[in-house]
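> Got a structure here, written out as structure tokens. Questions coming.
The values are calculated or read from the model by the stated rules, or taken from the named source; none is laboratory data. Note that the structure is a prediction, hence the values are computed from the model and not measured. As a convention, Cβ positions derive from the backbone with ideal geometry for all residues, glycine included, and neighbour counts pool all protein chains shown. Surface areas here come from the heavy atoms of the whole protein model, side chains and all, with no ligands, DNA or RNA. Shrake-Rupley method; radii C 1.70, N 1.55, O 1.52, S 1.80 Å.
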Amino acid sequence: MAISRLLDRVYDAAGVLAGIAMIAIVLIILAQVGARLLAYPLRGGAQFAGYAMAAASFLALPHAFRRHAHIRITILLQALPPRPRLVLDLAGLAVGTVIAAWFAWWAYDLAYISWEIGEVSQGDVAVAMWIPQIAMVVGTALFAVALCHTLIETALTGHGFAPEGDGVLDAAADR
Amino acid sequence: AEAWDMPMAYPDGNFHTKLGREFAEMVKTDTNGEVVITVHGGGSLFKGDEIKRAVQRGTAPIGERLISALSNEDPLFALDAIPFLATNYADARKLYAASKPALEARLEKENLHLLYAIAWPPQGIYANKTIDSAADMRGLKFRTYNATMARLAELLQMVPTQIEAAELSQALATGTVEAMITSGATGVDSQVWEQVKNFYDVQAWLPKNMVFVNKRAWDGLDAKTQEAITKAAAAIEDKGWAMSEELASGYLKTLAENGMTVAKPSAALASDMTAIGDKMTAEWEAGAGDTGKAIIADYRAK
Amino acid sequence: MDQTYQLIVLGVGLLALLGGGIWVGLSLMGVAYIAMALFSPRPIGEAMAMTIWTASSGWTLTALPLFVWMGEILFRTKLSENLFKGLSPWMRPLPGRLLHVNILGCALFAAISGSSAATTATVGRMALPEMKRRGYPENMMIGTLAGGGTLGLLIPPSIILIVYGVAANVSIAKLFMAGILPGIVLASMFMGYIVVWSLLNPGKIPADDERPSWGQKFRALGELLPVVGLIAFVLGSIYTGIATATEAAAFGVIGAFGVAALSRDLTWANFSASLMGAVRTSCMIALILAGSAFLTLAMGFTGIPRALADMIATMNLSPLALIAALAVFYIILGCFLDGISAVVLTMAVVLPMVMEAGIDLIWFGVFVVIVVETAQITPPVGFNLFVLQGMTGRSITYVARVAMPMFAVMVVMLLLITAFPEIVTLLPGGMVRSPG
Ligand code: NA
Ligand code: NA
């Protein structure tokens, strides 16, 4: 389905942004160390590395989810016959969607209140907190969308979302 | 009856946290159990950075924060961390008195009601190098954690170095940081004598922790309960200032007992620091506007 | 008994969510929500968002994704192959052979990383495919890795020792010193277990017929140069004062790129694959950490850990019985919380008890670290288990089961340092007060 493919593209794009944030952590830290060696007053490194880490973590949520990177316990799922298994899988996705949506709503509230009360960071450099928090809003919102997306997809296709073996052990076998 | 959770940022052994627990006990007794406060020390509920917002928004009804940590929000919060403005307990208390109305009004605007504030022991210079004047500090890697410290580093021509508290011991041991200004209490808490040789008791400033309560939670109490809490807060504040002063000399003794050279600043160093203090006070006044000027004038008049 | 009831409700809730196949991080958030909704009058959503934001944007945690990335880069170089080539001639006489590389690799990596998830992820990424190819038994591969990864917390630098040091107001430098010898002893005990298992299960370890000469053995050591060089580079950046322990992780990434460039593995494909692999793994860990931070907050509001610790306090136990009770207490808490949260939540009540009993605080720090290290490999919530589940695609029950012997080894280690506190106190020196 076109919309499904489009959504997956959006998740992957957010994932690439997360990757860029990861590179940014390394660059910020190297700049901080370099500045110290050269006695150049560079400020806020620790703070910005932290924000970059938050961006790397949150923006990757939907991408990692669709690639089965997030951990779930599948003992019960695997023990069930196909029909009840699909029902439990759908129930799990539904509950997951609710929790993720709740998380996303309060992430939005956090950033919105930060903006409303004009909260600034208490760190070395004054930063309006709602700006770095945007990454959390976007990442968690897309995460909730990805869960809902998967729920609908699973309901329509009838194929469960339980992961197939794709760990390093299986990869090694055919390397 | 109200059950209040009180997040505090410093470890359970720290005197601020101990006083917080004592305050909680007093409130319970004096309000006849009308308000029962549970203290959560060491950042075990909310972390230091979160506490003000948590209380402001009512996620915690009461909490404690280092005032100068809020400097980015308003110059008023940076007042008690201006280097070499108020350099002993009497002056620090005077500065507190001069600034209290403005501080209360500022907090009121953010849905916070100030209960009490207690000073940390005075800040001194820690360094391995012998320091006889400001010139000796030039080029040292100096720990900074906010704009005021960065400005101080700039004026003293030191290399500003940001190190988080968790990494401080290691940074001192490996020379990533060569000098810092902090209180004797922090020096003892983190046992800096393992890495640093000299302490100069310049008494640069006496920062304060303040305890505040969510305005709505406060307004929800009846007048009698409010009065009891206000009285308890005043009592703990007096006790805390006395305790802080008493501990201050004890901390210096502990530093010396563990092999550090604890010294008063030389005349040259003292006068260099006073000059820097005047400059930074003037800069602060320029940033803080009329309220700031009025506070400094009031402080100088006292 | 109120708290016991609350704990049961939450335990059942957590098991239901996890068992129902809800993703771990979301399950933790769900049970934290239940805890606050049922047992605390405070507003929930705002507190959750703020706590998770702080937990996800903290400076000291930035080392974690970078070490994970380092592992992903190294996995795509010949470094792991070299590591095995260099060590295998030397491991030959030891029953269990290359399984020992798991433990040695973890112990070495523990010396540059402060977290056990990063240690498990990095060494696992390199070692698992190599061993699988050589036909080693899967249960031992994964089990020893789960155990070995916990060394990341014990061998300095260690995030949890810093947290404990700040809470207990004891010297972090001394704590780090105190962790070294127990780290080595524990690593030796893991290796001892591998030897015993291999002797009891002859034929399970793949045969190999080569009989290398001493010359070959020493030449093989040359294969270790990239590994040794990389570790020297990262440790060097810390101990010369150029970088802090957290910043050193960035040097690890740069060093790993250096290794990749030298072995001509630094291609665009490898770069992007390693980056995205690291992004996914650290995102997975971050979601669990987020849930865990919220659960910790909820536990703080409900006061359950504190009440349980209080319960122990009122029993007036002898020092030895107190130590035993605390071990059980932390192991139970460790089933549900990660180690650092368990320490932070309970220190206020536990430390006074311990001091009252006259137990040395440095010794107790190491004791606590070993106890909560076991939390990393106990189900249902154990970070090393999650990392290995994500990496191998095996079920958590399987991973937890094969890690059980390592849990037993760690319990023996606890008995050992209780009987011989010198293991802990020898290096940091000073007053030694055993709990006995
Ligand atoms: Na370590
Ligand atoms: Na566990």
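> Applying the selection to segment B:1-18, what residues are hydrophobic (A, V, I, L, M, F, W, C) and surrounded by fewer than 23 Cβ atoms within 10 Å (Cβ to Cβ)?
Scanning segment B:1-18 gives B:A1, B:A3, B:W4, B:F15.
> May I pose another question? Would you please name the residue that is surrounded by the fewest Cβ atoms within 10 Å (Cβ to Cβ), looking only at residues in segment B:256-272 that are out of contact with any strand residue (DSSP E or B) (no Cβ under 9 Å at 6 or more places or on another chain) and in contact (Cβ under 8 Å) with a residue 60 or more places away in the chain?
Start the filter on segment B:256-272 by keeping residues that are out of contact with any strand residue (DSSP E or B) (no Cβ under 9 Å at 6 or more places or on another chain), which leaves B:257-259, B:267-268, B:270-272.
Filter once more, keeping what is in contact (Cβ under 8 Å) with a residue 60 or more places away in the chain: B:258-259, B:268, B:270, B:272.
Numbers: B:N258: 13, B:G259: 9, B:A268: 14, B:A270: 17, B:D272: 23.
Top of the filtered list is B:G259.
> I want to confirm something. Restricting to segment C:393-424 and keeping residues that are open to solvent by 20 Å² or more (accessible area, probe 1.4 Å) and part of a loop (DSSP other than H, G, I, E, B), which single residue is farthest from C:L26 (Cα to Cα)?
Checked segment C:393-424; the qualifying residue farthest from C:L26 (Cα to Cα) is C:F420.
> Among (1) open to solvent by 20 Å² or more (accessible area, probe 1.4 Å); (2) within 20 Å of A:V120 (Cβ to Cβ); (3) part of a helix (DSSP H, G or I), which single condition is B:D91 missing?
(2)
> Let me ask another. If C:I423 satisfies every condition in (1) within 16 Å of ligand 2 (Cβ to nearest atom); (2) more than 14 Å from chain A (Cβ to nearest Cβ); (3) β-branched (V, I, T) but one, which is the exception?
The single condition C:I423 does not satisfy is (1).
> Looking only at segment A:58-87, count how many residues are in a helix (DSSP H, G or I), open to solvent by 40 Å² or more (accessible area, probe 1.4 Å) and among the aliphatic types (A, V, I, L, M).
Number of matching residues: 4.
> Would you check if C:L200 is more than 13 Å from every other protein chain (Cβ to nearest Cβ), more than 16 Å from ligand 2 (Cβ to nearest atom) and crowded, with 24+ Cβ neighbours inside 10 Å?
Working: more than 13 Å from every other protein chain (Cβ to nearest Cβ): yes; more than 16 Å from ligand 2 (Cβ to nearest atom): yes; crowded, with 24+ Cβ neighbours inside 10 Å: no.
No: the conditions fail for C:L200.
> Is segment C:184-191 home to any residue that is within 16 Å of ligand 1 (Cβ to nearest atom), crowded, with 24+ Cβ neighbours inside 10 Å and within 17 Å of the chain's Cα centre (by Cα)? First the steps, then the outcome.
Just the residues of segment C:184-191 that are within 16 Å of ligand 1 (Cβ to nearest atom), to begin with: C:184-187, C:190.
Next, from what is left, pick out any that are crowded, with 24+ Cβ neighbours inside 10 Å: C:186, C:190.
Pick out the ones that are also within 17 Å of the chain's Cα centre (by Cα) and you get C:186, C:190.
Checking segment C:184-191: at least one residue is within 16 Å of ligand 1 (Cβ to nearest atom), crowded, with 24+ Cβ neighbours inside 10 Å and within 17 Å of the chain's Cα centre (by Cα).
> Can you find, within segment C:122-140, the residue that is farthest from ligand 2 (Cβ to nearest atom) among those that are buried (at least 24 other Cβ atoms within 10 Å of the Cβ) and under 17 Å from C:A187 (Cβ atoms)?
C:A127
> While we're here: Take the residues in segment C:339-350 that are open to solvent by 10 Å² or more (accessible area, probe 1.4 Å) and within 10 Å of another protein chain (Cβ to nearest Cβ), then tell me which one is nearest to C:I312 (Cα to Cα).
Among residues in segment C:339-350 that are open to solvent by 10 Å² or more (accessible area, probe 1.4 Å) and within 10 Å of another protein chain (Cβ to nearest Cβ), the one nearest to C:I312 (Cα to Cα) is C:V349.
> Let me ask something else about it. Regarding C:G390, is this residue within 19 Å of C:T119 (Cβ to Cβ), away from ligand 1 (no atom under 16 Å from the Cβ), among the small types (G, A, S) and open to solvent by less than 10 Å² (accessible area, probe 1.4 Å)?
no
> Is it the case that segment B:100-111 has a residue that's surrounded by fewer than 23 Cβ atoms within 10 Å (Cβ to Cβ), in contact with a helix residue (DSSP H, G or I) (Cβ under 6 Å, 6 or more places away or on another chain), of a type in the set (A, V, I, L, M) and under 22 Å from B:N72 (Cα atoms)?
yes
> Follow-up question, since we're still on this one. If we scan segment C:348-356, do we find a residue that is of a type in the set (D, E, K, R) and free of Cβ contacts under 8 Å to residues at least 24 places away in the same chain? Before the answer, list the steps.
Initial filter on segment C:348-356 (of a type in the set (D, E, K, R)): C:356.
Next, only the ones that are free of Cβ contacts under 8 Å to residues at least 24 places away in the same chain stay: C:356.
Yes, segment C:348-356 has at least one match.
> Would you please name the residue that is farthest from the other protein chains (Cβ to nearest Cβ), looking only at residues in segment C:25-46 that are open to solvent by 10 Å² or more (accessible area, probe 1.4 Å), in a helix (DSSP H, G or I) and not small (G, A, S)?
Filtering segment C:25-46 for residues that are open to solvent by 10 Å² or more (accessible area, probe 1.4 Å), in a helix (DSSP H, G or I) and not small (G, A, S), the one farthest from the other protein chains (Cβ to nearest Cβ) comes out as C:L38.
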